[in-house]
Structure formats: C-alpha cells, structure tokens
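Contents: one structure, followed by commentary.
No value in this document is a laboratory result; all are computed from the given coordinates. Because the structure is a prediction, the values reported are computed rather than measured. Heads up, the Cβs are rebuilt from the backbone with ideal geometry, glycines too, and the neighbour counts pull from every protein chain shown.
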Amino acid sequence: MKQATHRWIALLATTAIAIYLCWLMVLPFVQVLMWATVLAIMASPLNVALRRRGRGTTLSAAITTAVVVLTVLIPLLFLGFALVREATNTAPAIEAFIRRTLDPESAFMKWLSQYMDTGALQSPTAIRDQLAQWRSALFTWTLGTLGSVLGILAQVFFVIFTLFYLLRDSDRILPTVRNLMPLTAQQSEAVLWRTSEVISASLTGVLLIAALQGLAGGLAFWVLGLPSVLLWGVVMFLFAMVPMVGPSIVWVPAAIYLAANGHWIKAGLLTAWGVAVIGLLDNVLRPRLVGQKTRLHELVVFFSVLGGLQVFGVLGLIVGPVVVAITLALIEVLRQAGSVGE
C-alpha cells in the first residue's frame with residue numbers, strides 16, 4: 001500500500017514537472033495561439049459552410065485560412081507599416097504645429113491667456129526641451145517598431161500555420177478541450193458556448209462599430225484639412241473599443257483647437273459630425289450588434305479591456321473581456337455545484 005502511494009506521489013510530481021516544462025516551451029507562443037484561436041472562431045462559419053458544400057476538411061481549412069490572410073492579416077500589416085511611415089513623416093509637421101500654436105500672437109494663445117497664465121507655455125527653453133523629449137520618444141518608438149518587423153512577420157507566419165490546423169482539426173480539438181476540462185459535459189459546453197458568445201460579440205459588434213467610428217472620424221479630419229488623417233483615424237478606432245471613453249477623446253480636442261484658432265465653422269461641423277454621426281453609430285449599432293451578449297457591466301468591461309491591453313497588447317481588447325467572462329462562468333459552475341452539494 002505504501003509502495004503504491006509513493007508511486008502515485010512520484011507520478012504526480014513527474015507529471016507536474018512535465019506540465020511546467022511544457023508551459024515554459026509554449027509561453028513564447030501564447031500570443032500566437034491566442035491570435036490563431038480568435039481568428040479560428042471568427043472564420044469558423046465559413047469553414048463549416050465549405051464543409052457542408054462537400055469540400056474536404058483540408059481544402060476547407062486552406063480556403064478559409066487564405067480568406068483570413070487576404071481580408072484581415074495582410075490589411076493589418078499594411079496599416080501598421082503605413083502608421084509607422086505617417087508618424088515618422090508627420091513629426092516635422094507636428095513640431096511646426098506646436099510652435100505655431102504656442103506662438104504668443106496665435107489666436108489660441110490669445111484666447112487661453114484670458115483664463116490662465118501662459119508664461120510657462122511660451123518659454124522658449126520649455127518649448128525646446130519638450131520638443132526634444134517628444135522627438136526622442138518618437139525616434140525610439142519608430143526604431144523599435146521597425147526593428148521588430150522581422151519578429152512580427154515571423155509571428156504572422158506562425159499564426160497562419162496554427163490557424164490552418166485549428167480549422168482543419170476542429171472536430172478533434174473541441175472534444176479534446178471538453179474532455180480536459182474538469183467539468184461535466186454540460187458544464188464544459190456552457191463555458192465554451194459563453195466564450196464563443198463573448199468573442200463573437202467582440203468581433204462582430206465592438207470591432208465593426210469601432211472601425212466605422214474610426215472611418216467616420218478620419219473622413220471628417222480629411223474633409224476639414226486636419227493633419228495625420230490615418231493616424232488619428234486609427235487612434236479613434238482604438239479608443240472606440242474602450243468603454244466610457246470612445247473616439248470623442250480625439251475629435252473633441254480637435255474641435256476645441258479649431259475654435260480657439262478662429263475656425264468656428266470647421267469646429268461646428270466637426271462637433272455636429274461627432275455627435276450626430278460618430279456618436280450615433282455607437283448608440284444605434286451597439287444594442288443591435290452587441291446587445292446583451294457579453295452580459296458584463298460597463299465598468300467590468302472597461303477595466304478588463306485596459307488590463308487586457310496591459311497583459312496581451314492589442315489582442316487584449318478582445319481577450320480581456322473573454323477572460324473575465326470565462327472566469328465568471330467558471331465561478332457560476334462552482335456556485336451551482338456547491339448549491340447542489342448542499
């Protein structure tokens with residue numbers, strides 16, 4: 001009996017060490033696996049439809065992967081490179097804009113001086129120091145981004161490779177995941193369904209709404225002649241996915257700047273467009289596309305998005321709420337199991 005107990009302890013210890021070593025090996029590719037999983041869930045309907053039409057599992061996965069690459073990954077890569085180029089090319093224009101805005105004779109500074117002491121802002125030394133810090137930060141960011149291009153391309157290749165196999169072998173992967181979960185079949189299905197529901201709501205709802213708002217904001221900036229249209233459009237897209245913040249954090253300061261510099265008509269047009277179009281897109285589309293699918297309080301979503309960004313990068317915009325939703329689903333399973341046990 002003691003010998004059997006010792007063997008079980010040794011087996012458990014060996015298994016724990018093996019799992020830990022496997023985790024260390026997988027850790028560098030966690031982001032790749034998450035991206036591939038999210039894309040696989042997003043592309044799953046197309047993959048299933050192709051199979052129903054008689055396409056084999058391999059051909060269906062290959063076609064679906066090609067569609068994802070052409071419609072998602074390649075545009076994202078081009079957009080990323082375009083942003084780096086625009087940020088680099090815009091640096092001199094932004095510097096000139098800052099100098100022009102802080103000029104004591106500018107309309108903005110004359111307006112601001114009515115409400116506060118602008119002496120510190122107009123100090124040549126302070127302006128020069130701030131511009132030097134800004135240039136240094138931009139230069140470091142640009143070099144870091146360009147230096148990681150090869151790493152990004154390698155990650156994209158691994159995502160595509162993993163995506164293909166997730167789609168091709170989905171019939172075997174999903175049952176395996178269910179069996180590995182220490183839950184009953186019904187509980188495992190509920191957790192997986194909740195996960196798919198939140199990811200679907202994030203992709204079809206949050207991303208689409210944010211993209212439309214970013215496009216509408218960028219279009220307004222372009223029509224009004226504001227600089228760095230692509231850059232600010234993407235910034236509005238990103239902020240649109242953060243609850244209780246939204247793209248107004250970009251277009252409102254832009255409208256204030258236009259008004260302070262005497263462009264009252266442009267400021268009024270931007271404000272009207274921001275309220276009537278950019279804001280309306282969120283108020284009208286979000287209840288229909290997202291609705292109650294996430295079933296998470298806005299404050300919970302807010303911190304899960306910010307925390308997700310901190311831990312997972314851009315992917316955290318989607319993964320953050322998903323992790324919280326899965327955690328709450330597991331807690332609900334435990335609560336129900338506890339109530340049954342009583």
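So the values come out like this:
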read-out	value
Ordering of 40-47, 313-320, 224-231 by packing [mean C-beta count within 10 Å, highest first]	313-320, 40-47, 224-231
Gap separating the Cα centres of the stretch 309-333 and the stretch 20-48, nearest whole Å	15 Å
